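The structure under discussion appears below in the form of C-alpha cells.
Bear in mind these aren't lab numbers, they're just calculated from the coordinates by the rules spelled out. Worth saying up front: this structure is predicted, and the values here are computed from it rather than measured. A quick note on method: Cβ atoms are made from the backbone with ideal geometry, for glycine too, and the neighbour counts reach across all protein chains shown.
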Amino acid sequence: MPQARSLDAVVDVLREGGVIAYPTEAVWGLGCDPDDAPALQRLLDIKRRDPAKGVILVAADLEQCEPWLEGLAPALRSPLAAPQPQPTTWLVPDNGRAHALVRGTHARVALRISDHPGVQALCRAFGGPLVSTSANRAGEDAAMSVEVVQRLFGHELDGVLPGALGGHARPSTIRDLTTGQVLRA
C-alpha cells in the first residue's frame, strides 16, 4: 500500500515523476507534475481514464496559473480570482502551454484555484499547479477516505499526503471562462 508521507516527501515524489493521492475540497484526488509526460500517462493508466478527456490543474493562487493564462484578455481574468460559493474549475482557452494529456482533445485547459489548505500547501511546496483528478477508476465513485484510496490503488501510487477533505459535498463546478456556461454543476 502507498505510504502516507510528509509534505516534503510527497513533493520529492512528484519531482521524481511519481503519482500521489491527496485530499481536496470534496473528494480524494490523484495528482502528478502536469509537465511530466510519463507521470501523466501513468496517472491516466492507473485511473483507467481516456486520455481524450484531459485532466484538471489545481493551483494555490492565480499567480501559479500565469503560464497557462498568458495572452488571455484582462477582462476574462477577474472571474478566475473572484471567490466562488463552490470550488470552481474554469475552462480557459489553451495558449499552447498545456501538455496534450492535460488538455485531452479540447481547445481549453481546466484550471482551479483551491482554497483547501492542504492543496494550497502542496502546490506552494511543489512550486506550481498539479494535476487534480478524482481518486477512482474511470466511471466509479470517487474515494472519500484514505482507506478507500489504499484499497483501490494498493501499490500503484508512489505516495499519499495525509489530511482531511475540505467539507464540500460535490466536486468542483466546471465553467467555461469565455461563455460562462456551466458544464458540471
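Compute the distance from the alpha-carbon center of region 3-23 to that of region 82-115, in whole Å. Value for the Cα centre distance between the two parts: 22 Å.
With a/c under 1.5 counting as rounded, go ahead and sort region 1-127 into rounded, prolate or oblate using the C-alpha gyration tensor (a ≥ b ≥ c being the square roots of the eigenvalues; past the cut-off, prolate if a/b is larger than b/c, else oblate). Judged from the Cα gyration tensor, region 1-127 comes out oblate (a/c at least 1.5, b/c at or above a/b).
Residue-wise HN-Hα couplings along region 27-39, as the Karplus relation 6.51 cos²θ - 1.76 cosθ + 1.60 with θ = phi - 60° gives them from phi, are 9, 6, x, 10, x, 6, 5, x, 9, 9, 4, x, 5 Hz; Gly and Pro carry x. For Ala81, the shell of other residues with beta-carbons less than 13 Å away shows a net charge of -2, using +1 for Lys and Arg and -1 for Asp and Glu.
Summary of packing: across the peptides 161-168, 122-129, the per-residue average of other C-beta atoms within 10 Å ranks them, highest first, as 122-129, 161-168. Taking a ≥ b ≥ c as the square roots of the eigenvalues of the Cα gyration tensor, region 13-55 is classed as oblate, since a/c reaches at least 1.5 and a/b does not exceed b/c. The residues packed around Val11, meaning those with a beta-carbon under 13 Å from its beta-carbon, carry a net charge of -2 if Lys and Arg are +1 and Asp and Glu are -1. In the chain, helices alone account for a calculated mean residue ellipticity at 222 nm of -8500 deg cm²/dmol, with every DSSP H run of four or more residues adding -39,500 (n - 2.57). Ordering of 62-70, 74-82 by packing is 62-70, 74-82, highest average first (other Cβ atoms within 10 Å, averaged per residue). Pairs of alpha-carbon atoms within less than 8 angstrom and 6+ residues apart define the contacts here; what relative contact order does the chain have, in percent? Across the chain, relative contact order equals 39 percent. Sequence-ordered 3J(HN,Hα) estimates for region 174-185 from the Karplus curve with 6.51, -1.76 and 1.60 and θ = phi - 60° stand at 10, 10, 7, 5, 7, 10, x, 4, 8, 9, 9, 7 Hz, glycine and proline given as x.
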